[in-house]
1. With θ taken as phi - 60° and the coefficients 6.51, -1.76 and 1.60, list the Karplus ³J(HN,Hα) couplings across region 72-84 in order, rounded to whole Hz; mark glycine and proline as x.
2. Separation between the Glu63 and Ile88 pseudo-spin-labels, each 7 Å from Cα along Cα→Cβ, expressed in nm?
3. If each residue of separation counts as 0.36 nm, what is the full-extension length gain between Val7 and Thr52 once their alpha-carbon separation is subtracted?
4. Pick from Pro23, Pro66, Pro74: which residue has the top mean-square fluctuation in a GNM of the chain where Cα pairs under 10 Å get a spring?
5. Quickly work out the Thr73-to-Glu26 label distance, labels modelled 7 Å from Cα along the C-beta direction, and quote it in nm with one decimal.
6. Please report Rg (one decimal) and Dmax (integer) in Å for the Cα set of the chain.
7. Say a site is exposed when it is one of the GluC sites (Glu not before Pro), sits in a DSSP loop, and has at most 11 other Cβ atoms within 10 Å; what is then the longest site-free stretch of the chain?
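Read-outs: derived from the displayed coordinates by stated rules, not from any lab. These numbers come from a predicted model, not from an experiment. Neighbour counts run over all protein chains shown; Cβ positions are idealised from the backbone, glycine included.
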Amino acid sequence: MSEATRVGAFAIVPSNDLAAAIPFWERLGFARAGGDAGYVIMRGWDCEVHLTQAGDGPWRVPEHNPFGVFIRTPDVDQIAARVDDLIIRPGGVLRHREWGMYEVGINGPDGLLVRIGWPSELMARPS
């Protein structure tokens with residue numbers, strides 16, 4: 001392993017087309033770090049996401065996907081710039097939210113909601 005193993009909780013995200021989901025995560029700045037044909041581990045931004053091939057279920061229709069992932073990182077602006085075309089508009093645009101997070105919402109594979117954010121109070125304010 002090139003990175004030190006660390007303690008954490010990581011999302012396992014089912015995908016209708018696992019091979020098609022990998023480039024989405026690569027656009028976000030993640031890289032494949034392990035796995036096999038049916039289970040892929042992606043790492044980036046000091047986070048880890050595990051992708052798996054979906055089984056049967058009503059959520060396989062993207063409009064019914066109940067899953068979401070939140071990536072907490074101070075690099076919100078940088079990631080949002082990489083995927084501007086995927087930002088959910090108007091509601092998901094990058095801004096400080098009333099719940100105290102500076103975040104953006106993007107539409108992922110199979111209708112997966114991906115939110116990227118960092119506490120507003122920790123964001124560097126322009127001088």
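1. 9, 7, x, 8, 4, 4, 5, 5, 4, 5, 5, 10, 3
2. Output for this residue pair reads 1.6 nm.
3. Values: separation 45, 0.36 × 45 = 16.20 nm, distance 2.10 nm.
Computed gain between Val7 and Thr52 is 14.1 nm.
4. Pro66
5. Reported label-point gap for Glu26 and Thr73 is 1.6 nm.
6. In Å, with Rg to one decimal and Dmax whole: 15.1, 52.
7. Values: sites that count: Glu3, Glu98.
My reading of the result: 4-97 is the longest stretch.
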